[in-house]
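To start, the structure itself, in structure tokens.
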Amino acid sequence: MRIAIGLAVCAVLMLAAGGRIEAATRLTVYTALENEQLAPYKKAFEADNPDIEIRWVRDSNGVITAKLLAEKNNPQADVIWGVAATSLLLLERHGVLQPYAPKGLDQIRPAFRDTADPPAWVGMDAWMAAICFNTEEARRKGLPRPASWADLTKPIYKGQIVMPHPASSGTGFMAVSAWLQMMGDAAGWDYMDRLNGNIAAYIHSGSKPCKMAAAGEYPVAISMEYAGVQQKNDGAPIEIILPREGTGWEIEATAIVRGGRNADAARRLADWAASPRAAAQYTRFYAIAAIRNGSGAIANYPADAEAHMLAKNDFAWAAANREAILTKWGERYHGGEE
């Protein structure tokens, strides 16, 4: 009897709706966004697009990049939202991306978008490499405050530093790429040889090293400034240090996957991701937004952050040399993984 009543109610509802029920389009979104960003971004987008439901597939930048390359001939994703620009440049070269000019593209800063017309990817915000320094652990161990990348090679920090693995973490690759661009090839590898002697472990995440430092597992971490700010705002005894030589930075970006099953919904997400409504979400976490006049103020975010961003930061070079850099890095430092 209950089943019959339930079926009757469903039939009435269907008739009231014109004889059919419209299901939301499920949009498969590959991302390297931090876990705490997923729910608010999804909620904000779906509030403006109630007929589209986001299905996240989240992992580190390197893993997402490899997954998209492996799926090139049978794409499983519809759109990419929150993946490093260097990864997207690599995917563009392999024909994984479908170029698209979202609404409001003219409001995106030129340095934060693909130069092609239409662009293959469009930026959201910027993040940068930073040193997360646990002041309490450092005091307990008698460690001085580092002020530069060079300081991290001093013998006193032996076994006291963790950093992201560049093959799996966009933050890790960003740091390695920046050191090579900043110092030059020979000096950059020499620097990493000396730094490797002080590294306790290479972590398969960009933010986790800073979280480990905040928890007191290690006193020093190379990570992203966003993670440091978050930990400090949560009460951890963390100082966010932007090294005086300058620091590498990356762009989080959005792109449509060529051959995805839901192209119309993917374009709508790309439009929304480049809008002021989206920028208001990004600047809850990152102070530097891609949209003009969209940057925000975040508690404990380094006030002079943009001044530390490397002027020479060639995303195209980093993407073109990614495989060679990671191969050489793995040959030299294999065995230190988490």
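The values are calculated or read from the model by the stated rules, or taken from the named source; none is laboratory data. Everything quoted here is computed from the prediction, not taken from an experiment. Every residue, glycine as well, gets a Cβ built from its backbone with ideal geometry; the counts of neighbours run over all protein chains shown. Accessible surface areas use protein heavy atoms only, side chains included; no ligands, DNA or RNA. Shrake-Rupley method; radii C 1.70, N 1.55, O 1.52, S 1.80 Å.
When residues in region 161-189 are screened for being in a helix (DSSP H, G or I) and in contact with a strand residue (DSSP E or B) (Cβ under 8 Å, 6 or more places away or on another chain), 7 of them pass.
Taken together, Ala147, Ala111 contain a single residue that is modelled with pLDDT under 95 and of a type outside the set (Ser, Thr, Tyr), which is Ala111. The criterion of being surrounded by fewer than 24 Cβ atoms within 10 Å (Cβ to Cβ) and either in a strand (DSSP E or B) or touching a helix residue (DSSP H, G or I) at 6+ places or on another chain (Cβ under 8 Å) (or both) holds for Met192. Against the condition of a type in the set (Lys, Arg), open to solvent by 20 Å² or more (accessible area, probe 1.4 Å) and within 30 Å of Pro144 (Cβ to Cβ), how does Arg267 come out, does it pass? Taking the combined requirement at face value, the residue does not satisfy it.
The single condition among (1) open to solvent by less than 30 Å² (accessible area, probe 1.4 Å); (2) part of a loop (DSSP other than H, G, I, E, B); (3) not hydroxyl-bearing (Ser, Thr, Tyr) that Asp151 does not meet is (2). One residue stands out in region 46-66 among those that are more than 16 Å from Ala77 (Cβ to Cβ) and in contact with a strand residue (DSSP E or B) (Cβ under 8 Å, 6 or more places away or on another chain): the one that is least open to solvent (accessible area, probe 1.4 Å), namely Glu46.
In region 13-27, the count of residues that are modelled with pLDDT under 95, within 21 Å of the chain's Cα centre (by Cα) and open to solvent by less than 30 Å² (accessible area, probe 1.4 Å) is zero.
Would you confirm whether or not region 319-331 contains a residue that is at pLDDT 90 or above, of a type in the set (A, V, I, L, M, F, W, C), touching a helix residue (DSSP H, G or I) at 6+ places or on another chain (Cβ under 6 Å) and within 30 Å of Arg194 (Cβ to Cβ)? Checked region 319-331: at least one residue is at pLDDT 90 or above, of a type in the set (A, V, I, L, M, F, W, C), touching a helix residue (DSSP H, G or I) at 6+ places or on another chain (Cβ under 6 Å) and within 30 Å of Arg194 (Cβ to Cβ). Among the residues making up region 45-71, those that are more than 21 Å from the chain's Cα centre (by Cα) and either assigned to a loop (DSSP other than H, G, I, E, B) or at pLDDT below 95 (or both) are Asn49, Pro50, Asp51.
Candidates in region 195-209 are the residues that are within 23 Å of Arg332 (Cα to Cα) and in a loop (DSSP other than H, G, I, E, B); of these, the one that is most open to solvent (accessible area, probe 1.4 Å) is His204.
If only residues of region 283-317 that are among the aromatic types (Phe, Trp, Tyr) and in a loop (DSSP other than H, G, I, E, B) are counted, the one that is surrounded by the most Cβ atoms within 10 Å (Cβ to Cβ) is Tyr286. Number of residues in region 173-189 that are open to solvent by less than 10 Å² (accessible area, probe 1.4 Å) and not hydrophobic (A, V, I, L, M, F, W, C) equals 2.
Residues in region 98-148 that are small (Gly, Ala, Ser) and either within 17 Å of the chain's Cα centre (by Cα) or open to solvent by 10 Å² or more (accessible area, probe 1.4 Å) (or both): Ala101, Gly104, Ala111, Ala116, Gly123, Ala126, Ala129, Ala130, Gly142, Ala147.
All conditions but one from (1) farther than 16 Å from Ala290 by Cβ; (2) part of a helix (DSSP H, G or I); (3) more than 15 Å from the chain's Cα centre (by Cα) apply to Gly95; the one that does not is (2). Report yes if Gly248 is buried (at least 21 other Cβ atoms within 10 Å of the Cβ) and touching a strand residue (DSSP E or B) at 6+ places or on another chain (Cβ under 8 Å), otherwise no. Judged against the criteria, Gly248 is a match. Any chance region 209-228 includes a residue that's β-branched (Val, Ile, Thr), touching a Leu at 6+ places or on another chain (Cβ under 8 Å) and closer than 30 Å to Ile108 by Cβ? Scanning region 209-228, I find at least one residue that is β-branched (Val, Ile, Thr), touching a Leu at 6+ places or on another chain (Cβ under 8 Å) and closer than 30 Å to Ile108 by Cβ, so the answer is yes. Evaluated against (1) outside any loop (DSSP other than H, G, I, E, B); (2) surrounded by fewer than 20 Cβ atoms within 10 Å (Cβ to Cβ); (3) hydroxyl-bearing (Ser, Thr, Tyr), Tyr30 falls short on exactly one condition, (2). Restricting the search to strands (runs of 3 or more DSSP E) fully inside region 210-273 and requiring at least 2 residues that are of a type in the set (Ser, Thr, Tyr) gives an empty result.
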